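Notes follow the structure.
The values are calculated or read from the model by the stated rules, or taken from the named source; none is laboratory data. Keep in mind that this is a model prediction, so the values were computed, not measured. Note: ideal-geometry Cβ built from the backbone for every residue, glycine included; neighbour counts use all protein chains shown. Please note that ligands, DNA and RNA were not included when accessible areas were found on the heavy atoms of the full protein model with its side chains. Shrake-Rupley method; radii C 1.70, N 1.55, O 1.52, S 1.80 Å.
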Amino acid sequence: DVDVDVDVDVDVDVDEDVDEDEDEDPAKSPSASPIANANPIPVTPRRIKVIHIGDSYSSGSGFDANDRSWHGPKWCFRNHKAWGERAIERVRESTGLGSHIIDYSNHACHGAFVEHITTSYTQTANCAHGDGDIDYTSKAVWVWNKGITCEHTMRPQIVNVQQDVDVVLMTLGGNDAGFKDIVIACFVPWLPNKKYATCKLAVNHGLRYLNWNYESELITVFEQVTSRMKPGSKLLFNAYPNIATDKDIDEHRLLRELCRVVLVVQKKAIEHVNTMLKKDERGVEIILIDGQVEEFEGHEAETRSFTANPDGWFRELAFVNYGIAQDVLAQLYHPNSLGHIGWGRGIAVELESVIREILAVPAGTQDVQELVNKPVQMAMLVDTSMLSDLKESHLPVWLDQISSISSDHQVAIITFGCHGEGSTLIEQDFTNNVQELTDALNDVDEQVHTNCQSGLLAGLWRTLASESLAWYEDADKSVWVITNRQPMIEVSSDGYIEPEFNRHHDDIIKESNRLNADLTFVWDGSDEDQPEVFEVLSHGTGGEVTRMDRVGKKLEKSIKAPFARIEPPSIGVIGEAVTLDARGSYDPQDKGIAAFHWDFGDGSTAKTKDGLVQHVYESSYNGYVRVDVKTHDGNVSRAWQYVVVNKGGTNSLDLCDPDNQVAVEELGIEVTSGDSVSLKFNGFEQQCDAEEGDDANAGGKGDGRGQSKKKDHKKRKSGLRK
């Protein structure tokens, strides 16, 4: 938390956050509610008590100083519009929970250290600051040069954890890692009297604390807090979002590495305490909520030139005139009102799930919502070592969940081991029949190649490039890799290679982009052993890395996400505008698309409100354009389209030239065969001899896709049938 004394007389323009009224939050409109069409169900009212403890990221720092929603001690910066209270409001509106009484109170305080959860401390401030709050006591004292002031003794936050508390929300540890000094050194280095001369020195100090002390101190606090919690209650510990964008700048890299280490240590501490809690058999559990790390992606702060991120969810310095006020400085680089809206939206999902579990009110008690009507194809690429676990428990649950959400959905089952592309088996092509999928898994020999490293890239290539899988152009496509084994991958100077099968990670990313399919990796091993290539592949395709216990939520998120599409074909002339059209994208939940974020592949980006954009390439370009389609409630989907830009456009594109074989394939050029090959594209036609045309169209991949771009796909059916 930023709480510093600076003796500098300057004014500062701050990136003031938008004063969002409740009815201006798109995700809070009736049409956006996940249960908007449900009718209330009679239940026996019960009382659930939720308390919030921790530091400034829990109290509500980051709002406009003139905001009228402040409460409690002024130095704590508690705000009724903070993410905790927003999440509670959403849960209260949920069908099956609305009849219950959900109490919420915030006892977090700006500037709190780990020790302040369990010990008291004294804050010297004006005597009028927050009179009447139960979290502190005050006494008047005489201070030289200040006259009469007050010493406010803050009681330990843990005293609010009583036997009637059902859920505890918390963030903690940033101040101990030196958040105040890190913010000054990395974001406002021009301030005098700063503790560290550079951002690197400040971050390194924080890393030393994280590596030496943070885990043990968290464990101590967790043990003391959970020992006071009643049987069956839950502690929802919230990870910090990344504060800096992912730009290739030293300060940004340092800050993101710091956040990564924080999350790693938090996971280790929680895992340690949960192991002890299981032995206690009281049903108390700590749940790490890290979804806000993803939620804030693209909304982080900037560090240079005092230029705020236009899509930022943090309160930033926009530019400097002559000064900075104490209370303004204290709230910089905390979530602004938009950040609290986004954070609260994500937490509400987790909080509702926990409260339903405590109340024994399953999600089924609410009326069935309208099914998502978006064609979705999910290929589950299953490591043979995971078959038994998948058949016995996970797959039936996932398929039931898919059926309850989607009206137009297909799933395929592919298995892989360490046995190469030829033995990556398509057990079941895309189908909407649950029994067919279950039978396909039951028929797999579980003893095949289980004691070895897996041929991951070979399995991905077969899944993405095989003609045996009926992928559809108009479907939202994804591949879910489910594994617990290390892949047979070597790291070279140019990336990750699977030498036995001659596969490179770039091959997989390009094929995934061509197909418009994202890759999600479900890792069932320890966090320390998670293969690095997972992050590379998921980032390059718009997917993510998750764990078995979070697959259900990820499936739902994937199905409800918007459908993203860039219309083909795209070819242009150097120096002239190339038009790209993503207006075929849509939101299946009808909440509306908020923005299109474009990456043109040449280092240029753009943001548009509609799906039509023009871009001028200053040099030749053969590669992909990417668009991220974002809805008003924060869901995002990604699409790619191959673009060719040269001196003469279509007229200078020799379709028969083997050097253009990638462009021929990626642009979806129509091929007809006979004694010669006719290549047609965008009204232009070129005749090649059969041998030359075949070579140009084969792409050198040996996968059979060069034979014809017209595939006779099976007719798609709606829904998963039992």
Meets criteria (part of a loop (DSSP other than H, G, I, E, B) and either of a type in the set (D, E, K, R) or surrounded by 17 or more Cβ atoms within 10 Å (Cβ to Cβ) (or both)) for Gly575: no
Residue match in segment 582-593 (condition: outside any loop (DSSP other than H, G, I, E, B) and under 26 Å from Asp506 (Cα atoms)): no
Selection within segment 220-262 - aliphatic (A, V, I, L, M) and surrounded by fewer than 16 Cβ atoms within 10 Å (Cβ to Cβ): Ile249
Cross-chain or 6+ apart pairs with Cβ under 7 Å, segment 492-514 first and part of a helix (DSSP H, G or I), then of a type in the set (Val, Ile, Thr) and open to solvent by less than 30 Å² (accessible area, probe 1.4 Å): His505/Val533; Ile509/Thr541; Ser512/Thr541; Asn513/Thr541
Which listed residue is of a type in the set (Asp, Glu) and assigned to a helix (DSSP H, G or I), from Glu556, Glu618, Glu567: Glu556
Every residue from segment 129-186 that is modelled with pLDDT of 80 or more, of a type in the set (D, E, K, R) and outside any strand (DSSP E or B): Arg155, Asp164, Asp166, Asp176, Lys180, Asp181
Which listed residue, of Ser538, Ser570, Ser604, Ser512, is open to solvent by less than 60 Å² (accessible area, probe 1.4 Å), under 19 Å from the mean Cα position of the chain (by Cα) and of a type outside the set (A, V, I, L, M, F, W, C): Ser538
For Arg550: the one exception among (1) under 16 Å from the mean Cα position of the chain (by Cα); (2) surrounded by 17 or more Cβ atoms within 10 Å (Cβ to Cβ): (2)
Number of the exception - Asp518 against (1) part of a strand (DSSP E or B); (2) open to solvent by less than 10 Å² (accessible area, probe 1.4 Å): (2)
Members of segment 52-97 that are aliphatic (A, V, I, L, M) and modelled with pLDDT under 90: Ala65, Val91, Leu97
Where a residue in segment 98-123 is of a type in the set (Phe, Trp, Tyr) and its partner, wherever it lies, is in a strand (DSSP E or B) and open to solvent by less than 60 Å² (accessible area, probe 1.4 Å), with Cβ under 6 Å and at least six apart: Tyr104/Val50; Tyr121/Met154
Flag for Gly420 being open to solvent by less than 40 Å² (accessible area, probe 1.4 Å) and either modelled with pLDDT of 85 or more or not aromatic (Phe, Trp, Tyr) (or both): yes
Residues of segment 213-255 satisfying the condition of being β-branched (Val, Ile, Thr) and within 25 Å of Phe187 (Cβ to Cβ): Ile243, Thr245, Ile249
Segment 400-415, residues that are modelled with pLDDT of 85 or more and either surrounded by fewer than 19 Cβ atoms within 10 Å (Cβ to Cβ) or not polar (S, T, N, Q) (or both): Ile402, Asp408, His409, Val411, Ala412, Ile413, Ile414
So Ser538, is it touching a residue at least 40 places away in the same chain (Cβ under 8 Å), polar (S, T, N, Q) and under 30 Å from Gly455 (Cβ atoms): no
Single match in Tyr214, Tyr240, Tyr209 (criterion: within 25 Å of Arg345 (Cβ to Cβ) and either in contact with a Gly (Cβ under 8 Å, 6 or more places away or on another chain) or part of a helix (DSSP H, G or I) (or both)): Tyr240
